[in-house]
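Visitor: This structure is in structure tokens; I'll ask about it shortly.
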Amino acid sequence: MSFDRVTYYVPRCPWCGTRATGPDGQEPRLESEVLGEELRAHMEARGWQIAGGEWNGRARVRTPLNLRCARCAAATAVRTAKFERDLARPAVRTVDMSARLGDGWSLVQRDGDEERRLWLVRHGERTRGQVARYVNRRGGLSGWQAWAYDGGELMLHLDAVSAALWREKSSFLWRTRDLAAWGVAVRPKHSQTPPAWARSGASARA
Ligand SMILES: [Zn+2]
């Protein structure tokens, strides 16, 4: 006698482990991470946030499934709103960056950002990321960190391009504030050449 070992997929929230239930009240056992229409509608009606998990066009490729149960979705929405309120705090200092980054770009410091050596990188009213001077363990100042912002509650760290490194062989820090801001605005490839103003040596480190 032999047994076929059947593996199946039960959709669940990767954040808290909550398992989905189907219209019949049972845990759905799926062959893959592709949710059927009925199950998808049922879960959405119960507050699940669902992205992906579909066959992608004619190709037998499925889009990655991204799930959040109702409770985690609500918690995320609260955190996101808080994060966005914080980003929108009034500026106490603004530097016009249009000459270096193009129309509408600016650097903004809110109350308290100066001590953190932090600047938001804005395009119009939209925050596109932030840059901050790095302070080493001995309290010394070194290069600049850059993060990109695409909405939500998190910023993504951006590595410095090879021609803008603070220190050789480490892409963790950018050489100057404005280069870091350029990184946020352009999201360059590692090999991309920085603009001419950055090569002139006139670019302030402060
Ligand atoms: Zn959850």
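The values are calculated or read from the model by the stated rules, or taken from the named source; none is laboratory data. Remember, it's a predicted structure, so these values are computed and weren't measured experimentally. Every residue, glycine as well, gets a Cβ built from its backbone with ideal geometry; the counts of neighbours run over all protein chains shown.
Visitor: Which one is surrounded by the fewest Cβ atoms within 10 Å (Cβ to Cβ), of the residues in region 134-187 that are touching a residue at least 60 places away in the same chain (Cβ under 8 Å) and more than 18 Å from the chain's Cα centre (by Cα)?
Guide: Restricting to residues being touching a residue at least 60 places away in the same chain (Cβ under 8 Å) and more than 18 Å from the chain's Cα centre (by Cα), the top hit is ARG177.
Visitor: May I pose another question? Hey, can you tell me all the residues within region 1-39 that are within 15 Å of the ligand (Cβ to nearest atom), among the aliphatic types (A, V, I, L, M) and surrounded by fewer than 16 Cβ atoms within 10 Å (Cβ to Cβ)?
Guide: Scanning region 1-39 gives a single hit, VAL10.
Visitor: Only one of GLY143, GLY151 is at pLDDT 95 or above and not assigned by TED's automatic domain parsing to the domain that holds ILE50. Can you tell me which?
Guide: Answer to the selection: GLY143.
Visitor: List the pairs whose first member sits in region 115-133 and is assigned to a helix (DSSP H, G or I), whose second member is surrounded by 13 or more Cβ atoms within 10 Å (Cβ to Cβ), and whose Cβ atoms are under 8 Å apart, counting only residues at least 6 apart or on separate chains?
Guide: From region 115-133, the pairs are ARG116/ALA132.
Visitor: Can you find, within region 59-94, the residue that is nearest to the ligand (Cβ to nearest atom) among those that are among the β-branched types (Val, Ile, Thr) and without any contact (Cβ under 8 Å) to a residue 60 or more places away in the chain?
Guide: Restricting to residues being among the β-branched types (Val, Ile, Thr) and without any contact (Cβ under 8 Å) to a residue 60 or more places away in the chain, the top hit is VAL78.
Visitor: Can you name every residue in region 40-58 that is touching a strand residue (DSSP E or B) at 6+ places or on another chain (Cβ under 8 Å) and either within 12 Å of the ligand (Cβ to nearest atom) or assigned to a helix (DSSP H, G or I) (or both)?
Guide: ARG40, MET43, GLU44, TRP48, GLN49
Visitor: Moving to a separate point now. Give just the number: which of (1) touching a Ser or Thr at 6+ places or on another chain (Cβ under 8 Å); (2) more than 25 Å from THR76 (Cβ to Cβ) does ARG12 not satisfy?
Guide: With respect to (1) touching a Ser or Thr at 6+ places or on another chain (Cβ under 8 Å); (2) more than 25 Å from THR76 (Cβ to Cβ), ARG12 is out only on (2).
Visitor: Applying the selection to region 49-76, what residues are under 22 Å from the mean Cα position of the chain (by Cα), surrounded by fewer than 14 Cβ atoms within 10 Å (Cβ to Cβ) and of a type in the set (A, V, I, L, M, F, W, C)?
Guide: Passing the criteria: ALA51, ALA74.
Visitor: Do the conditions hold for VAL78, that is, is it outside any helix (DSSP H, G or I) and within 30 Å of ARG122 (Cβ to Cβ)?
Guide: no
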